[in-house]
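The structure under discussion appears below in the form of structure tokens.
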Amino acid sequence: MTGLVIKNTGSHYGVRAEDGKEYLCLAKGNLRLRGFRSTNPIVVGDLIQLELNEQDEVHYIRDILPRRNYIIRRSANLSKESHILAANLDASFLVCTIAAPETSTTFIDRFLATAEAYRVPTELIFNKVDLYTPEALEYMQELIELYSGIGYPCHAVSATTGEGVDELLGRLEGKITLFSGHSGVGKSTLINRLIPGAELRTGQISMAHFKGMHTTTFSQMIPLPSAGGGYLIDTPGIKGFGMLEMDEAEVSHYFPEIFAESAHCRFGNCSHTHEPGCAVLSALEEGRIAPSRYTSYLGILEDKEGGKYRPEYK
Ligand code: GDP
Ligand code: ZN
């Protein structure tokens, strides 16, 4: 029987199996040893082969099915090891706001570039619209035009008044989704709006089994109330993905509109900073690439020159 890992304590797993039931599982020993570089071999979102244990209520995960994508973080103090946060994401949503604390386009663009590298489709949520001044609303419209034009769907919501929340819920239906955002943007308020009682629910799992768990490694998927199902991934401590190690030449690949223009640059190894015949610079001048996006692109390149980024994983 196959199943979906919906809870992970680091030692025990909660699995929703094909039969619709939830099983408490351990990883089979050989699975843990089988050459996984990651400190955690199984993560929420993993599809697994389940082996039922007739003698006990604790069952086994026999195998992990190939992952479509995953997000990863370098483990603290272990530069060669990495910590996978979640797998098989259908989408990632970044909660932003133009009210305090305002989310910068630099942060949005770094997040989007990283999500591109992970091949996770991303959408933006502008929260707290009830607080926006006319100027802020105008700025939001500009951002929505910019980002939806590049291919990132945008949503304007208020977690407080509920504006836009039903449409957003419709968008999440049937998907496994990760919510990220700087603290203070209203992520928790929004999740509780989307899933009434989410907080309650997170505390309600058959915790008797989940003994000795570390809250930092605990992650779970919260089922959505929509008819078509779906889950939100709620992982403590994920504010964003954390920037991936990218080759300098690779950075432009993660800015889709810059990448599209770069096909027309004179030189194949154009860095789009100073070269003659650079199609990206022309597009910037002609307003087809937004200055804010180009600035974010340069920012990532400059960080790299400064050696700020160490390899995060192999
Ligand atoms: P988190 O750190 O992203 O989880 O943010 P919280 O959900 O804790 O929200 C931070 C603050 O913003 C709280 O005081 C919320 O009441 C407030 N807040 C969240 N969403 C909205 C919104 O849509 N409108 C308004 N006016 N306040 C909001
Ligand atoms: Zn160029």
If amide H atoms are modeled at 1.01 Å from N in the peptide plane, then the residues at a separation of 5 or more from A27, or on another chain, having amide H under 5 Å from its own are I61
Once amide hydrogens are built 1.01 Å from N within the peptide plane, the residues lying 5 or more places from R73 or on another chain with amide H under 5 Å from its amide H are H83, I84, L85
Note: E102 to Q141 extended length (0.36 nm per residue) minus current alpha-carbon separation gives 12.5 nm
Here the gain from full extension of I150 to E248, 0.36 nm per residue of separation minus their alpha-carbon distance, amounts to 33.1 nm
Links exceeding 20 Å between C-alpha atoms in this model, out of K128/K187; K7/K28; K128/K175, come to K128/K175
Shape descriptors of the range 251-301 over alpha-carbon atoms, Rg and Dmax in angstrom, are 9.6, 24
For the pair T160 and K21, the simple spin-label estimate (label points 7 Å beyond Cα toward Cβ) gives in nm 4.7 nm
Regression test value, accessible area per residue of the range 251-301, probe 1.4 Å, units Å², expected 49 Å²
Placing each pseudo-label 7 Å from Cα in the direction of the beta carbon, N30 and E275 end up separated by a distance in nanometres of 5.0 nm
If the chain between N192 and V58 were fully extended at 0.36 nm per residue, the gain over the current Cα-Cα distance would be 45.1 nm
1/(1 + (r/R0)^6) with r = Cβ-Cβ of E173 and R266, R0 = 51 Å, i.e. FRET efficiency to nearest 0.05, evaluates to 0.65
By the C-alpha gyration tensor axes a ≥ b ≥ c (rounded if a/c is under 1.5, else prolate when a/b exceeds b/c, else oblate), the shape of the range 2-64 is prolate
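The values are calculated or read from the model by the stated rules, or taken from the named source; none is laboratory data. In this text, all values refer to a predicted model and were calculated from it rather than measured experimentally. Reconstructed Cβ throughout: ideal geometry from the backbone, glycine too, with neighbour counts over all protein chains shown. All accessible areas refer to the heavy atoms of the entire protein, side chains included, with ligands and DNA or RNA removed. Shrake-Rupley method; radii C 1.70, N 1.55, O 1.52, S 1.80 Å.
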